[in-house]
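Beneath this line is the structure, given in structure tokens, with notes to follow.
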Amino acid sequence: MATKLGVIDKARSEGRSLLTEIESKELLREAGISVIDTKLAASRQEAISISRQFGFPVVLKIASPDVVHKSDAGGVKLGLRTSKQVGKAYDGILAAISQKHPQAMIQGVSVQRMARPGVEVIIGVTKDAQFGPVLMFGLGGILVEILKDVSFRIVPLTKRDAGEMIRQIKGYPLLEGYRGQEPVDVSNLEDWLVKLSDFVEQNPEVREIDLNPIFAYSNGALAVDARVILEEPS
Ligand code: ADP
Ligand code: MG
């Protein structure tokens, strides 16, 4: 509880409604969502020592409340296998961001382990003027970006609603283990949808959530990116 208020209060006191990846993950972890362990490094040396603690390979990402789409800005480096690669990635990210977002307030770089590949899914929460919070579910990558293969439900959601919502997308067979891919633990994803539904009901100050991507496995799932946006203060 203390942490949750901490994250929201800190953003508010800085006049921000966008939480960083690290702050968003902290908040969602408290909602019972599995997020990949992520730590902030404020220097190149710190990025290297955190990477050593986590164990290689790792991922580095820009940590800035002013950079919403991190990879578009050159702010994500995947699969780093040595301290040397981490150091180089740290410098590379800061150089790219200072070019693309010269005004950005930079907290540092977030460090996390490289997650085992899974089936990429996304879950989002937005608020509809008429219906209030709405959950979205879809498969990651081009299925969402190009084909818009997603389903929606109004909060609150039961586990049964969540099950229907997942089975409603056209790409559902991909979750059942298409062409040798591992079948996904769908019941676990249903639990995620219900937990997020409960979370937004209990936290009306949250305006938007974007978990993109989540790696879904045959035993659970892991969110590797998260973004939370708060309501503007009234
Ligand atoms: P953004 O959406 O802001 O561009 P992401 O954090 O989603 O940045 O990273 C971009 C992509 O990198 C993700 O879609 C995912 O495919 C990959 N990725 C990010 N974090 C990890 C991780 N910890 N392990 C493996 N792949 C990752
Ligand atoms: Mg993302």
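Read-outs throughout are calculated quantities, based only on the coordinates presented, and are distinct from any laboratory measurement. Note that this is a predicted model, so its numbers are computed, not measured. Quick reminder, even Gly has a Cβ in these numbers, built from the backbone with ideal geometry, and neighbours come from all protein chains shown.
Contact order normalised by length for region 104-234, with contacts defined as Cα pairs under 8 Å and 6 or more residues apart; what percent is it?
It comes to 26 percent, rounded to a whole number.
What fraction of the Cα pairs in the chain, stated in percent, has a spacing above 21 angstrom? Walk me through the numbers before you get to the answer.
Working: 15774 of 27261 pairs.
Cα-Cα pairs in the chain separated by more than 21 Å: 58 percent.
In nm, what is the difference between 0.36 nm times the number of residues separating Met105 and Asn219 and their Cα-Cα distance?
Extra length from Met105 to Asn219 when fully extended: 37.2 nm.
Net charge near Thr158, counting Lys/Arg +1 and Asp/Glu -1 over other residues with Cβ under 13 Å of its Cβ?
Residues close to Thr158 contribute a combined charge of -2.
Given a cut-off of under 8 Å on Cα pairs at least six residues apart, what relative contact order in percent is computed for the chain?
Values: 443 pairs, mean separation 50.4, N = 234.
Computed value for the chain: 22 percent relative contact order.
From largest to smallest, what semi-axes in whole angstrom does region 20-87 give when each is the square root of 5 times an eigenvalue of its alpha carbon gyration tensor?
20, 16, 11
With no solvent and one point per C-alpha, what does the Debye sum give as log10 I(q)/I(0) for region 1-136 at q = 0.17, 0.18 Å⁻¹?
Log10 I(q)/I(0), no solvent term: -1.02, -1.12.
Given the pairs Lys61/Lys159; Lys39/Lys84; Lys25/Lys61, which are separated by over 22 angstrom at their Cα positions?
Lys61/Lys159
Suppose a student asked you for the relative contact order of region 195-234, using Cα pairs under 8 Å spaced at least 6 residues apart; what percent would you report?
It comes to 39 percent, rounded to a whole number.
Mind checking the dipole of the chain: about its Cα centre, +1 per Lys or Arg Cβ, -1 per Asp or Glu Cβ, Debye to the nearest 20? Mind dumping the intermediate values first?
Details: 29 positive and 30 negative charges, 181 e Å.
For the chain, the charge dipole is close to 880 debye.
What value, in deg cm²/dmol to 500, does the helix sum -39500 (n - 2.57) over DSSP H runs of n ≥ 4 give at 222 nm once divided by the residues of the chain?
-11000 deg cm²/dmol, from helical runs alone.
Gap in Å between the Cα centre of region 125-199 and the Cα centre of region 36-62?
That distance is 31 Å.
Modelling each spin label as a point 7 Å along the Cα-to-Cβ direction, I'd like the Ser13/Gln181 distance in nm, to one decimal.
With each label placed 7 Å out from Cα toward Cβ, I get 4.4 nm.
Net charge within 11 Å of Gly140 by Cβ-Cβ distance, Lys/Arg positive one each and Asp/Glu negative one each, not counting Gly140 itself?
Taking every other residue near Gly140 into account, the sum is -4.
Under 13 Å from the 7 Å Cα→Cβ point of Leu78, by amide nitrogen: which residues of region 118-137?
Inside the label zone: 118-121.
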